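Below is one structure, written out as C-alpha cells; the observations come after it.
The values are calculated or read from the model by the stated rules, or taken from the named source; none is laboratory data. Keep in mind that this is a model prediction, so the values were computed, not measured. Using ideal geometry, Cβ is built from the backbone for each residue, glycine included, and neighbour counts are taken over all protein chains shown.
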Amino acid sequence: MRHPSPQADPSGRAGARDGYVALTFDDGPSHRTAALLDALREAGLRATMFNQGNHAAERPDLVRAQVAAGMWVANHSYSHPYMTGLEPAEMESEITRTQEALAAAGGGTPRLFRPPYGDTDETLAAVVAKAGLTEICWDVDTRDWDDASADAIVEAVGRLTDGQVVLMHDWPPSTLEAIPRIGEVLRAKGLRTGMICPDTGRAVAPGNRDGAGNGAGNGDGDRAGDGAGNVDRAEG
Ligand SMILES: [Zn+2]
C-alpha cells in the first residue's frame, strides 16, 4: 500500500505516484450506459464493463459505444443467475452465449468473467477457466447497488490503493452522479484508471493490446474468493 509522499513528483503533480486502479461497472449495457460513458470520458477515466449477454444482445450498439469510449468489455453471465445453483453445462452456456453476444456486438473476445453476486465455487472456476476466462471479483465494494449515496461511492473509491479493483454498476443514478468526483479523488491520490491484468487480476497500465476493437484484453486474477460476503444483489 502506497502512502502519499510529501515530495512533488517530476511532473509537478504533488503526490503523483503513477499507480493504477480498475473501475468496473456491472450489469450493462442499459438505458444509462450512454450517459455513463459520456461522464467517464469527460472525467478522463477508463473502466472495465462487465456486461450481461442478454443486455448486449438487446443493445449491441452500446457495447460498441463502450469500446469506442476506450472501455474494456468483460463477461458478467448471460441472464445474471446465481451461478453455483446451475449445472456445469448451464454455467458453460451462460458464459459462452455471453462471449458470443459480446463478440457479435463488436466487443471482442473478453477474457474476464465476474460471477453475479460474487457467487462462485470450484466447479464454476473450472468452467470459467475452460472457457478461457478468469474470474474477477473486487477489492472494494461501493455498495452502489444498495442505494449508496454519491458521497459514499466517492468515499469508497477513495479507499483504493495501487492495483485494486472497485465494484460499481452501470445503472444506479448515484454512480453516474459520482463520476466527476471519482476523477478528482483519484487524481488527488496520484492514481490512474487502468485495465485488469489477465495474469494477475490487478489493475495495471493499459497495455499494447488495448486498442479499439480489443475491448477484450482484460484478464484474470484469482480474486474469486473475495465474493464471499460481497453480495451484489441488485440488478433488474
Ligand atoms: Zn451483477
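Quick grid of which residues meet (1) within 16 Å of the ligand (Cβ to nearest atom); (2) at pLDDT below 95:
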site: ILE136; (1), (2): yes, no
site: PRO173; (1), (2): no, no
site: ALA188; (1), (2): no, no
site: THR193; (1), (2): no, no
site: ALA212; (1), (2): no, yes
site: ASN218; (1), (2): no, yes
site: GLY225; (1), (2): no, yes
Please go through region 20-39 and pick out each residue that is among the hydroxyl-bearing types (Ser, Thr, Tyr) and within 24 Å of ASP162 (Cβ to Cβ). TYR20, THR24
Could you list, in sequence order, all residues of region 68-107 that are of a type in the set (Asp, Glu) and within 28 Å of ALA34 (Cα to Cα)? GLU94, GLU100
Per-region count, region 98-117, residues more than 16 Å from the ligand (Cβ to nearest atom) and under 18 Å from ALA129 (Cβ atoms): 3
Residue pairs qualifying under the 9 Å Cβ cut-off, at least six apart or on distinct chains, with the first in region 49-61 being under 13 Å from ARG114 (Cβ atoms) and the second being in a helix (DSSP H, G or I) and of a type in the set (Asp, Glu), are GLY53/GLU94; GLY53/GLU100
Hey, does region 98-118 have a residue that's charged (D, E, K, R), touching a residue at least 24 places away in the same chain (Cβ under 8 Å) and surrounded by fewer than 19 Cβ atoms within 10 Å (Cβ to Cβ)? yes
Looking at ARG46, ARG32, ARG13, ARG17 in this structure, which one is under 24 Å from PRO180 (Cβ atoms), touching a Pro at 6+ places or on another chain (Cβ under 9 Å), at pLDDT below 95 and of a type in the set (D, E, K, R)? ARG17
